[in-house]
Amino acid sequence: MRFANNFPYGRAPFWLLVIAVVSVIVRVATAHRPEARPDLVMVTHTEAQFDAYRKAIPRFEREHGVKVQLQFANWASLQARLQNAILADTEVPDLSEVLEGALGFFTRGPIEDFGLLDLTDRLHADGLDQRLVQSRLSVWSARGRVYALPHDVHPVMLAYRRDLVEALGIDVSKLDTWDKFVEVGRQVSRDLNGDGIVDRYMLDMRYDGNWTLQILMFQQGGQLFDQQGDVAFATEETAQLIRWYIEQVRGPHRIGYECGWGQPVVKAMTDGLVLFQWAPDWRSWVLANEAPDLAGKMALMPMPAWTPGGRRTSTWGGTGLMIMKQTRHPELAWQLAKYLYFDTADLGERFRATNILPALRDAWKLPEFDAPFPYYSNQRIGRMYADLAPETPPVYSSPVDEAARTGLDRAFNRSAAYYAQHGEAGLLDAIRANLAEAAEDVRRLAGREKILAKGKP
Amino acid sequence: MNILQMLLLALFVVYVGFRLLGRRRVASRFARWTLLTLGAVVVLAPFAWLLSAVFKDRSVLNEYIFLPPVGLWSEKTLNLNNFRELFKARPSLTGPVYFWEYVLNSTVYATCTTVFQIFFCSLGGYALAKYEFRGKKALTLFMLGSMMIPGVLLLAPLYKMVVDLGLVDSLAGLIIPGMVGTYGIFLFRQACLAVPNEMIDAARLDGCGEFGIYLRLVMPLVRPMAAAFCLVCFLGNWNAFFVPNVFLHSQDKLTLPVVLNLYLGEFRQDQGVFLAGTTLAMIPPAVLFFALQKEFISGLTSGAVKG
Amino acid sequence: MINSVAQRPSRPQGRPRYKGKAPYVFLSPYVVLTAVFFAVPFFNAIMLAFYETNGPRSRAFVGLANFVFLFRDSTFRRALLNTTVFALVSVFLQLPLSMALALLLNAGAARVKGFFRLVFFSPNLVGQVLVGILFSVLFTPRYGLVNRGFQLVLHWGLETRWLSDPRFIMPAIVLASLWLWVGFNMIYFLAALQTVDKTLQEAARIDGANPWQIFWHVTLPSMRHVVVFVVIMSVIGSYQLFELPLTLLSESYGFGANDAGLTLITYLNYRAFRAGDLGLGSAVGWVVAVIIFFISLIQIRLGRVAEED
């Protein structure tokens, strides 16, 4: 201790120095070595997929004699870290799953900067681009090239309380357009016990637009961006859609009510507070799991179309698989990606476990897709989703996707606020103005992206 | 009217009572200490909550504010599950990472930066205080000006430079740019000014080298300031978030604030886990502060009060 | 190398000019490190603000387009507004609280004073990130400590959605910042109070001034330097508020509902390090630097005015 006391700078700096030296030695001794890395590292962020791949990977490892490590990571923490690591040339996984709408995040700037392997030629060489649902390739493309493999299609249907709907004498086969749906909805959505509060609504609709609005917009053929990456949501159709939507969710004869997520949805469906619910393939499984008491009482129907004979489905969400350009084994990674996504042997079982329709059309011939589903009144929901799948609308990606969705929400909320104050008078003009303003904001950002995309290194 | 409100009302009544009885001085002393105690309770309440929360099971986290009455305690009330979950290995690209590694990273970063800063800033501060040399005025002006520039302005180009130098995603890349700072130099300059020139002259006449004078004569005389600076620098780096968050990418290199921020998103359903991490992260600063309280307070305020 | 007495120029005071290399050697680490890690990035920051970049990789020259973009971007304007509001609130709410605490504490005995000083300062020890993480849980609707506390004392606020209702997001940030910084500023004020001349205060009291008048006309003016210093430090710190709102509103990267929690630096962080445009980040950095520069100018002016008194 004498040494500590005699240290010129004093005791505290002395001990800090000691701790500093010791900790550096320990850190260097225990540092992670990059050679300890397995041949391939893949990251996923959905539990269901994590379980499915964990079962499938050992066979791949045996067949190719390699070591593959599968990791689970939270998507929000993964997204920015991954892109920053790509741009700074630090360690990245070999493969990573990615959520719909996020591809643009990774395909920013000039093509040389993209951290992802261009899969277009490989898809073409294996003939896969013909065997996948065409519209899904749009979700995972940037500048005309494909950068991720589509995991799913996610066609959207409506799930409904078959028992309650039949008791009301409604024939769902007649609800093939939104006009008819709304007409019936108005009769259904009312105050049943005279206390002034509406006790039954026709459809679950987000109060602030958000994903419900987007589903309907895509169904109409509307887009956030067009194929060239230009902002495309400030159209007359979208304005009319917003007006229609405000009417259904805020108007005096509204048919929509926001149920939220999880327990509140179960309660709403069980109590009959809401008769119809949004059911893309993944959600049909979620609903069945969260509300098991409704087994046999539920059924699915295609979405009503906007025009007679029009598109009866839309799409919501999606997962893709990207391969990093930095990977040391690109061919092996490609084999793994194809194996996990397109090896038909497993796809039937995965459908049974998650209800998710794969993007590979060949897989739909498997028997699991024709199995009756007791929860949904023994409907062959696999077949129903598969029949709708070719009609799912494309969704074009952009680096400013996040800003576009926020902008659309903002335009909607402003328009709804206008409606609350002024009613129908001038509403459509207000909507057009709000849309144009939001689009202008996003266009400014997208314009910056265009400059960068041309840019020089 | 619950107990808390009745208590507050009673305190108020006592105060009014004192004033009405004409005992104004007692009244104001009573009011002063009551207010201070209430303030202290409010300030300490989040800490108390934190300490009780980290030992609770996630299913009972929100049942009682602090702890249930003793009779209702179960193994769910006080257990170490949160810490067990916290210490579990997490996957990374180069093998599993454990919580102690984050603590180690933070320790290396904070202590090394502080040690370097003490050395370089004291050298620079002493030079500014006790020497006249060509360019001193210009250098001092430059230092003053540089203090006015917010660090955030330099972060983006500094990041790019660190990437280009290959130092990104490493603790060295964090420590090296932070090895010296003008704040420290001015602090040490202030302290060194107080050293009598006669002592230095005498030492020179004795044949002591310049560095020897600095190390063996002056530094021991400014130990209080060195201790205060130690604390300030260590605290600043232990709690630093922005720069480490930008510079570090790999899971095994992260420091505590960065990791805890990540856990905030990952453990949204299981808040006890990152709260446990937060509690552990608070310990080293608290320990150091207890040891260096006096020096810290006097060092912190000497710059402001003397102007 | 030895200071030669014979060469000393005749000056009434001051150090003899030292002829030797020692100061240069001693200051060389600072100079080298500053040149590399401060001066170079500083000049790069000037240049970078006129570019648009893709992280540290490609970039494209855009001239003043970054600044034009900021000027037009409603999100940036909102960030500017939020940050200014926060700065004003910290001066007019936080500092008076610190001052009040310091006044209350000043009259006490040394040991008790030490204890309370430690208590009130303790939140500042743990850093903005940990405070933000802690408070993000304390603000839980219905169950959080803050909600329950308000309900117990004021019969209000159990269901307040502090972190998701746009009306309450800024108040939530203010509350957390009060907890964090009131003690910190209190220490400065306490130290300054020690230096106030007690005889002046006594004289005023004898003249019949009430406590408030004594404070406003005697105590406060004597603490002028420190008060100005603390105010300026507080405002400059407020304009750089970042980690607290980021951790409180971590789900939306610090934006909050309707951008209610957005500050200049969280905006910068999003644009530069999440969306990847380092050039735009530099431009925002410049805006912040200019604002701080003007505030520092004001401090220098006020400082000079104070000295002339």
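Counting only DSSP beta bridges with both residues in chain A, the antiparallel share comes to about 65 percent.
Is the shape of the protein assembly as shown rounded, prolate or oblate, going by the alpha carbon gyration tensor and its root eigenvalues a ≥ b ≥ c, with a/c under 1.5 for rounded and a/b larger than b/c for prolate? It is prolate, given that a/c is not under 1.5 and a/b is the larger ratio.
Percent of Cα-Cα pairs more than 19 Å apart in the stretch C:191-267, please. Above the 19 Å cut-off, the stretch C:191-267 has 57 percent of its Cα pairs. Taking Cα atoms only, the orientation of helix A:210-220 departs from the longest principal axis of chain A by about 70 degrees.
Three semi-axes describe the equivalent ellipsoid of chain C; taken as square roots of 5 times the Cα gyration tensor eigenvalues and ordered largest first, they are 38, 36, 18 Å. The trypsin sites (Lys or Arg not before Pro) of the stretch B:196-282 that DSSP puts in a loop, and whose beta carbon has at most 16 other beta carbons within 10 Å, are B:R268. Between A:L168 and A:D387, the contour length at 0.36 nm per residue exceeds the Cα-Cα span by 76.0 nm. Largest first and in whole Å, the equivalent-ellipsoid semi-axes of chain A read 44, 29, 25, each the square root of five times a Cα gyration tensor eigenvalue.
Here C:K198 is the anchor, and the lysines within straight C-alpha reach of less than 29 Å, apart from those fewer than 8 places off in the same chain, are B:K294, B:K306, C:K113. Cross-link partners of A:K55 among lysines, defined as those whose alpha carbon lies under 19 angstrom from its own and excluding same-chain residues fewer than eight positions apart: A:K67, A:K338.
Derived scalar couplings between HN and Hα for the stretch A:227-237 equal 4, 7, x, 7, 4, 9, 9, 8, 10, 4, 4 Hz in order, rounded to whole Hz, by the Karplus curve 6.51 cos²θ - 1.76 cosθ + 1.60 (θ = phi - 60°), x for Gly and Pro.
Put in order of Cβ neighbour count within 10 Å, fewest first, the listed residues A:M322, A:M217 become A:M217, A:M322. Residues considered: C:L241, C:L152, C:L101. Largest GNM mean-square fluctuation over chain C, using C-alpha springs under 10 Å, is found at C:L152. As a ratio to 2.2 N^0.38 Å, the alpha-carbon radius of gyration computed for the stretch C:89-207 takes the value 1.30.
Relative contact order for chain A: 24 percent, from Cα pairs under 8 Å spaced at least 6 residues apart, divided by residue count.
Within the set of other residues whose C-beta is less than 11 Å from the C-beta of A:A102, count the net charge using Lys and Arg as +1 and Asp and Glu as -1. So the surrounding residues net to -4. Spacing of the modelled spin labels on B:N62 and C:K198, each 7 Å from Cα toward Cβ, amounts to 5.3 nm.
What number comes out for the charge environment of B:F99, summing +1 per Lys or Arg and -1 per Asp or Glu over other residues with Cβ under 9 Å away? For residues surrounding B:F99, the net value is +1. Translational diffusion of the stretch C:228-303 was estimated from the Stokes-Einstein equation, with Rh taken as the Kirkwood radius over Cα pairs; at 4 °C and 1.567 mPa s the coefficient is 98 µm²/s.
Helices that extend 30 Å or more along their long axis by alpha-carbon positions and average at least -0.5 on the Kyte-Doolittle scale are, among the DSSP H runs of chain B, B:24-53, B:99-130, B:271-305.
Where in chain C are the helices, taken as whole DSSP H runs, whose Cα atoms extend 20 angstrom or more along the long axis and whose Kyte-Doolittle mean reaches at least 0.0?
Counting only whole DSSP H runs, the qualifying helices are C:74-89, C:110-125, C:166-194, C:224-239, C:278-308.
Given the alpha-carbon gyration tensor of the stretch B:99-305, what are the semi-axes of its equivalent ellipsoid in whole angstrom, ordered largest first, with each equal to the square root of 5 times an eigenvalue?
Working: eigenvalues 262, 82, 42 Å².
Equivalent ellipsoid of the stretch B:99-305: 36, 20, 15 Å, largest first.
Relative contact order of chain B, taken over Cα pairs closer than 8 Å and 6 or more residues apart, is 25 percent. Residues B:T140, B:T255 in ascending order of nearby Cβ atoms (within 10 Å, fewest first): B:T140, B:T255. Here the protein assembly as shown is assigned +1 on the Cβ of each Lys and Arg and -1 on the Cβ of each Asp and Glu. Its dipole about the Cα centre then comes out at about 4380 debye. Cβ-Cβ distance of A:E183 and C:E159, R₀ of 35 Å, FRET efficiency by 1/(1 + (r/R0)^6): the value works out to about 0.40.
A simple count of charges around A:D230, restricted to other residues whose Cβ falls under 11 Å of its Cβ and scoring Lys, Arg +1 and Asp, Glu -1, yields 0.
Which angle between 0 and 90 degrees, to the nearest 10, do you get for helix A:344-354 versus the longest principal axis of chain A when only C-alpha atoms count? Helix A:344-354 and the main axis of chain A meet at about 60 degrees. Extending 7 Å from Cα along the Cβ direction at A:K450 and again at B:S298 yields two label points whose distance is 6.7 nm.
Note on chain A: helix-only mean residue ellipticity at 222 nm, from DSSP H runs of 4+ residues weighted -39500 (n - 2.57) and normalised by residue number, equals -14500 deg cm²/dmol.
Among beta bridges from DSSP that stay inside the protein assembly as shown, the antiparallel ones total about 70%. By how many degrees, between 0 and 90 and to the nearest 10, does the Cα long axis of helix A:47-64 differ from the longest principal axis of chain A? That works out to roughly 50 degrees.
The Rg/Rh ratio of the stretch B:3-81, with Rg taken over Cα atoms and Rh as the Kirkwood radius over Cα pairs, comes to 1.21. Taking B:L262, B:L165, B:L155 as the candidate residues, the one with maximal mean-square fluctuation in a Gaussian network model of chain B, Cα springs under 10 Å, is B:L165. As a rough footprinting exposure proxy, the listed residues A:K325, A:K55 were ranked by other beta carbons within 10 Å of their own, and the order from fewest upward is A:K55, A:K325. Taking a virtual spin label 7 Å from the Cα of B:Y183 along the C-beta vector, which residues in the stretch C:98-139 bring their backbone nitrogen under 16 Å of it? Answer for this model: C:124-129.
Using the Kirkwood radius over Cα pairs, work out the Stokes-Einstein diffusion coefficient for the stretch B:181-228 at 20 °C and 1.002 mPa s, in µm²/s as a whole number.
For the chosen part, D equals 191 µm²/s.
Of the trypsin sites (Lys or Arg not before Pro) found in the stretch A:365-457, none is in coil by DSSP with at most 11 other Cβ atoms within 10 Å of its Cβ. For chain B, a Gaussian network of Cα nodes joined below 10 Å ranks B:N261, B:N82, B:N197 by mean-square fluctuation, and the top entry is B:N197.
Read-outs: derived from the displayed coordinates by stated rules, not from any lab. Only a predicted model underlies this, so the values are computations on that prediction, with no experimental measurement involved. Heads up, the Cβs are rebuilt from the backbone with ideal geometry, glycines too, and the neighbour counts pull from every protein chain shown.
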